[in-house]
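Laboratory data are not the source of any read-out in this text; all were calculated from the coordinates shown. Small disclaimer: the values here were computed from a predicted structure and weren't measured. Note: ideal-geometry Cβ built from the backbone for every residue, glycine included; neighbour counts use all protein chains shown.
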Amino acid sequence: MGLLFLQSLPGPKVFKCRCCKVDSAPHDAIVSKNFSGRYGPAYLINRVVNITMGPSEDRHLMTGWHTVNDIFCSCCQQLLGWKYEKAYDDSQKYKEGRFVLEKARVMKIG
Ligand SMILES: [Zn+2]
């Protein structure tokens, strides 16, 4: 095992991994609170920390084809959501570079 470098976010309002309580994202990075993840409601968010990314894959989501990477907590490895790498539909381009964070996998602090 290599050393794990974990980033702390300035509080008080942050999301933490529900499993290991490591910081996952700042509240003020939320773009939308009404997204759907794989496990139910999710956030669309600009920035996440302490994640590792899975391989790129093309996935057909409710809004069409996207290239995405699954994102995992870098501390406990639980699946937190995914990153939109590329959207094929012009109306979905705003998602590129942003992340979907499963509400069920994080907890809201502050
Ligand atoms: Zn975790």
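Could you run the Karplus curve 6.51 cos²θ - 1.76 cosθ + 1.60 with θ = phi - 60° over region 31-39 and give me ³J(HN,Hα) per residue in whole Hz, x for Gly and Pro?
Once rounded to whole Hz, the list reads 9, 8, 9, 10, 9, 10, x, 6, 10.
Which far-off residues, 5 or more places away or on another chain, put their amide H under 5 Å from the one on I51, with H placed in the peptide plane?
Amide H neighbours of I51: S74.
Normalised by the residues of the chain, what does the relative contact order come to in percent, with Cα pairs under 8 Å and at least six apart? Don't skip to the end; give the middle numbers.
On the way: 258 pairs, mean separation 31.8, N = 110.
Averaging sequence separation for qualifying contacts and normalising by length gives 29 percent for the chain.
Non-local amide H neighbours of G37 (under 5 Å, H modeled in plane, Pro and chain starts lacking H): which ones?
A42
Distance from a point 7 Å along Cα→Cβ of K93 to each backbone N in region 37-67: keep the residues under 19 Å and list them by number.
Residues passing the 19 Å test: 63-67.
Using the Cα centre of region 14-109 as the reference point, and only Cβ charges (+1 on K/R, -1 on D/E), how large is the resulting charge dipole? Debye, rounded to the nearest 20.
In debye, rounded to 20, region 14-109 gives about 420.
How about region 24-110: which trypsin sites (Lys or Arg not before Pro) there lie in a loop by DSSP and see at most 15 other Cβ atoms within 10 Å?
R38, R47
Sort H27, H66 so that the residue with the fewest other Cβ atoms within 10 Å of its own Cβ comes first and the one with the most comes last.
H27, H66
Could you give me the percent of Cα pairs per 10 Å distance bin for the chain, shortest bin first, beginning at zero and ending with the bin that holds the maximum distance?
15, 49, 28, 7, 0
If I build a Gaussian network model for the chain, linking alpha-carbon pairs within less than 10 angstrom, which residue out of D58, D23, D70 has the largest mean-square fluctuation?
Answer for the Gaussian network model of the chain: D58.
From the phi angles alone, apply the Karplus equation (6.51, -1.76, 1.60; θ = phi - 60°) to region 76-83 and give each ³J(HN,Hα) in whole Hz, x where the residue is Gly or Pro.
Whole-Hz 3J(HN,Hα) from phi for region 76-83: 10, 6, 6, 5, 9, x, 8, 10.
Which of A87, A25, A42 ends up with the largest GNM mean-square fluctuation for the chain, with Cα atoms connected below 10 Å?
A87
Please report I109, I30, I51 as a ranked list, fewest other C-beta atoms within 10 angstrom at the top and most at the bottom.
Neighbour counts put them in this order, fewest first: I109, I30, I51.
Ignoring the sites themselves, what is the longest stretch of the chain with no chymotrypsin sites (Phe, Trp or Tyr not before Pro) in a DSSP loop and at most 14 other beta-carbon atoms within 10 Å?
On the way: sites that count: F5, Y39, Y88.
Longest stretch, sites excluded: 40-87.
Check which residues have an amide H placed less than 5 Å from L61's amide H, if you skip close sequence neighbours.
H66
Of G97, Y39, T52, which is farthest towards the positive pole of the chain's charge dipole, taken about the Cα centre with +1 and -1 on the beta-carbons of Lys, Arg and Asp, Glu respectively?
Y39
Of L80, L61, L44, which is the most mobile in a GNM of the chain whose springs link Cα atoms less than 10 angstrom apart?
Fluctuation is largest for L61.
May I ask you to list the GluC sites (Glu not before Pro) in region 1-103 that are in a DSSP loop and have at most 13 other Cβ atoms within 10 Å of their Cβ?
Taking region 1-103 and a limit of 13 other Cβ atoms within 10 Å, the loop GluC sites (Glu not before Pro) found are E96.
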